[in-house]
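The values are calculated or read from the model by the stated rules, or taken from the named source; none is laboratory data. Source: prediction; values computed, not measured. In this analysis, Cβ positions are derived from the backbone assuming ideal geometry, glycine residues included, and neighbour counts consider all displayed protein chains.
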Amino acid sequence: MSKDAPLTVAVIGAGIVGLCAALEIQRDGHHVILIEPGEPGGRQSASYGNATWINPGAIAPISLPGLWRKVPGFLLDRTGPFTVRWRDLPRHAGWLARFIAAGRDWDRIATSARQRYPLCKGTVVDHRNYAAEAGVSDLIRQQGLMYVYPDRTVFAAESRIWSLRREFGVRFSEIEEAELRRLQPELSPHYRFGARLDDAGQIADPGAYCAALARLLEARGMRRIAGRATGFVMERGRLSAVTTDQGSLSCDRAVLAAGIGSASLARLAGDRVPLISERGYHVVIPEPGIALGVGLMPSDGQMGVVSTPQGLRLAGQVELADPAAAPDWRRTDILLGYARKMFPEQAMRFDTAEIDRWMGNRPSTPDALPCIGFASRSRDILHAFGHAHTGLTQAPATGKLVAALIDGREPPFDPVPYSARRFAQ
């Protein structure tokens, strides 16, 4: 609880990051206004459609040494897990150059892992606590998460990433073929080796979870505004209000957690952040005929494959494209192709199912770190966006860091690596 008079804090964005920040700010005794045009947990949010993973082992960036050699293939292969729309290449060229540079050597990867680890390490415990408070403990599963490979050789090719995890104390188990067959008998014999992150878990229904957290916040006094934030009212660096399409909202502090919509507002707050949409897709197959004990990720498809209350969800793909561009539903056909490959005995069932298809915009920076901390024009505005593939995992730690900065407390970990000012250097 803050020792000073309670502040009024406007949280812009009701995705998982905004909701966790709101919970932690409210816990410190401050008044929260949540600004979001859609329903919390709705399909408009990237938090709705992710792979459900909460993963303390998500410490490695996507960009790794040697990635630059694959860029031509990204442009030519429309079926791969990472693609760039040709017409959007010019606008994304600068971001791609920074993205490749961020992963150009293993020293940089190790530094990135050290900076990502504090955002990931306590995620399962934190989500379990939030879920208990919101009355939805059943949504948290902790049976581990497993990467599956054709054989140990393919796993060995990723040994440096797994060694990094081991260095940070991330527990994992190597699963040989016989044990893999026992754990998941429906899985295709194409996959003969697994590596299970033992302490990882899932949020079975992220949309329902976000909605439950919003209800908890409202029950504790939060005010929710169904509107879109458009700017800030500031004088001499002090914030007095957030402007919205529903009018001006007086506040003492603001947290910018608007996902892909954060870049334009961050610019008004003095920070130019190279934020783009890594558009992700998912399919949900109802009544799939299988139930997964753990979430899976095939090494050849690089998507999360999980059981949810709605059915079997395959979520992944990276498509660099304008956020407003029409979805390319061929990306979901690729996901369905992997469903058939992974579970061939269920392929006929998949072919006749009424598939739910979804696309969302992951807000991504080129260096795989979110922007968290004070804005350049005003310390009354705090950034909390740009978590790319790991928003669900990194949301609790982000919320705790933002709340500590607002309250003037010692931060739980060093906030400097996440400052938006790094892009101005």
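Quick one: count up the residues across region 14-48 that are touching a helix residue (DSSP H, G or I) at 6+ places or on another chain (Cβ under 8 Å) and under 16 Å from Y209 (Cβ atoms). Reasoning before the result, please.
Going through region 14-48, the residues touching a helix residue (DSSP H, G or I) at 6+ places or on another chain (Cβ under 8 Å) turn out to be 14-17, 19-28, 30, 32, 34, 36, 39-43, 45-48.
From what is left, the residues that are under 16 Å from Y209 (Cβ atoms) are 14-17, 19-23, 34, 36, 39-43, 45-48.
So the count comes out to 20.
Give region 155-185 a look and list any residue that's among the hydrophobic types (A, V, I, L, M, F, W, C) and touching a residue at least 40 places away in the same chain (Cβ under 8 Å), or say none. Give the derivation first.
Within region 155-185, the subset among the hydrophobic types (A, V, I, L, M, F, W, C) is 155-157, 161-162, 164, 168, 170, 172, 175, 178, 180, 183.
Within region 155-185, F155, I161, L164, F168, V170, F172, L183 meet the criteria.
Would you list the helices (runs of 4 or more DSSP H) that sit entirely within region 112-193 and hold 1 or more residues that are at pLDDT 95 or above and within 18 Å of the chain's Cα centre (by Cα)? Lay out the reasoning, then the answer.
On the way: elements: 123-134, 152-156, 159-167, 177-183.
Answer list for region 112-193: 123-134.
Taking A326 and the conditions (1) within 29 Å of L275 (Cα to Cα); (2) surrounded by fewer than 22 Cβ atoms within 10 Å (Cβ to Cβ); (3) at pLDDT below 95; (4) in contact with a Lys or Arg (Cβ under 9 Å, 6 or more places away or on another chain), which numbered condition does it fall short on, given that it satisfies the others?
That leaves (4) as the condition not met.
Could you list, in sequence order, all residues of region 389-410 that are over 24 Å from D252 (Cβ atoms) and at pLDDT 95 or above? Let's see the steps before the verdict.
Just the residues of region 389-410 that are over 24 Å from D252 (Cβ atoms), to begin with: 389-394.
Within region 389-410, T390, G391, L392, T393, Q394 qualify.
State whether one or more residues within region 23-37 are in contact (Cβ under 8 Å) with a residue 24 or more places away in the chain, touching a strand residue (DSSP E or B) at 6+ places or on another chain (Cβ under 8 Å) and of a type in the set (D, E, K, R). Quick ask: steps written out before the conclusion?
As a first pass, look at region 23-37 and keep what is in contact (Cβ under 8 Å) with a residue 24 or more places away in the chain: 23-37.
Now drop any that are not touching a strand residue (DSSP E or B) at 6+ places or on another chain (Cβ under 8 Å), which leaves 25-26, 30-36.
Then keep just the ones that are of a type in the set (D, E, K, R); that gives 36.
Yes, there is a match, as at least one residue in region 23-37 is in contact (Cβ under 8 Å) with a residue 24 or more places away in the chain, touching a strand residue (DSSP E or B) at 6+ places or on another chain (Cβ under 8 Å) and of a type in the set (D, E, K, R).
So which residues in region 135-168 are surrounded by 15 or more Cβ atoms within 10 Å (Cβ to Cβ) and of a type in the set (S, T, N, Q)?
If the condition is that a residue be surrounded by 15 or more Cβ atoms within 10 Å (Cβ to Cβ) and of a type in the set (S, T, N, Q), then Q142, Q143 are the ones that fit.
As an exercise: evaluate Q310 against (1) surrounded by fewer than 18 Cβ atoms within 10 Å (Cβ to Cβ); (2) in contact with a Leu (Cβ under 8 Å, 6 or more places away or on another chain); (3) of a type in the set (S, T, N, Q) and give the number of the one condition it does not meet.
Unmet for Q310, out of (1) surrounded by fewer than 18 Cβ atoms within 10 Å (Cβ to Cβ); (2) in contact with a Leu (Cβ under 8 Å, 6 or more places away or on another chain); (3) of a type in the set (S, T, N, Q): (2).
Could you please let me know if T352 is free of Cβ contacts under 8 Å to residues at least 12 places away in the same chain and of a type in the set (S, T, Y)?
Working: free of Cβ contacts under 8 Å to residues at least 12 places away in the same chain: yes; of a type in the set (S, T, Y): yes.
Yes, satisfied.
I'd like to verify a number: residues in region 257-299 that are closer than 30 Å to L183 by Cα, of a type in the set (G, A, S) and under 15 Å from the mean Cα position of the chain (by Cα), how many? Give the derivation first.
Initial filter on region 257-299 (closer than 30 Å to L183 by Cα): 280-299.
Filter once more, so that each one left must be of a type in the set (G, A, S): 280, 289, 291, 293, 295, 299.
Of the ones still in play, those that are also under 15 Å from the mean Cα position of the chain (by Cα) are 280.
The qualifying residues number 1.
Quick check on my filter: what residues within region 194-210 are in a helix (DSSP H, G or I) and buried (at least 20 other Cβ atoms within 10 Å of the Cβ)?
Going residue by residue through region 194-210, those that are in a helix (DSSP H, G or I) are 206-210.
Residues satisfying the conditions are P206, G207, Y209, C210.
For region 309-330, give me each residue that is touching a strand residue (DSSP E or B) at 6+ places or on another chain (Cβ under 9 Å) and within 19 Å of W53 (Cβ to Cβ).
Hits for region 309-330 are Q310, G311, L312, R313, L314, A315, G316, Q317, V318.
Quick check: is even one residue across region 159-175 out of contact with any His (no Cβ under 7 Å at 6 or more places or on another chain), of a type outside the set (F, W, Y) and over 26 Å from P118 (Cα atoms)? Give the steps one after another, and end with the answer.
The initial filter retains those residues of region 159-175 that are out of contact with any His (no Cβ under 7 Å at 6 or more places or on another chain), namely 159-175.
Next, only the ones that are of a type outside the set (F, W, Y) stay: 159-161, 163-167, 169-171, 173-175.
Checking which are over 26 Å from P118 (Cα atoms) leaves us with 175.
Yes, because at least one residue in region 159-175 is out of contact with any His (no Cβ under 7 Å at 6 or more places or on another chain), of a type outside the set (F, W, Y) and over 26 Å from P118 (Cα atoms).
Counting only residues that are surrounded by fewer than 16 Cβ atoms within 10 Å (Cβ to Cβ), without any contact (Cβ under 8 Å) to a residue 60 or more places away in the chain and under 21 Å from the mean Cα position of the chain (by Cα), how many does region 397-413 have?
Looking only at that region, the number is 0.
List pairs: first residue in region 295-309 and hydroxyl-bearing (S, T, Y), second residue in a loop (DSSP other than H, G, I, E, B) anywhere in the structure, Cβ distance under 7 angstrom, at least six positions apart or on different chains.
The qualifying pairs are S307/A291; S307/L292; T308/T52; T308/A204; T308/D205.
What's the number of the only condition in (1) under 25 Å from Q142 (Cα atoms); (2) polar (S, T, N, Q); (3) more than 12 Å from the chain's Cα centre (by Cα) that S63 fails to meet?
S63 satisfies every listed condition except (1).
Check D252, D271 and return the single one that is within 26 Å of L23 (Cβ to Cβ) and touching a Leu at 6+ places or on another chain (Cβ under 6 Å). Even if it seems obvious, please write down each step before you answer.
On the way: D271 fails: touching a Leu at 6+ places or on another chain (Cβ under 6 Å).
Exactly one of D252, D271 is within 26 Å of L23 (Cβ to Cβ) and touching a Leu at 6+ places or on another chain (Cβ under 6 Å), namely D252.
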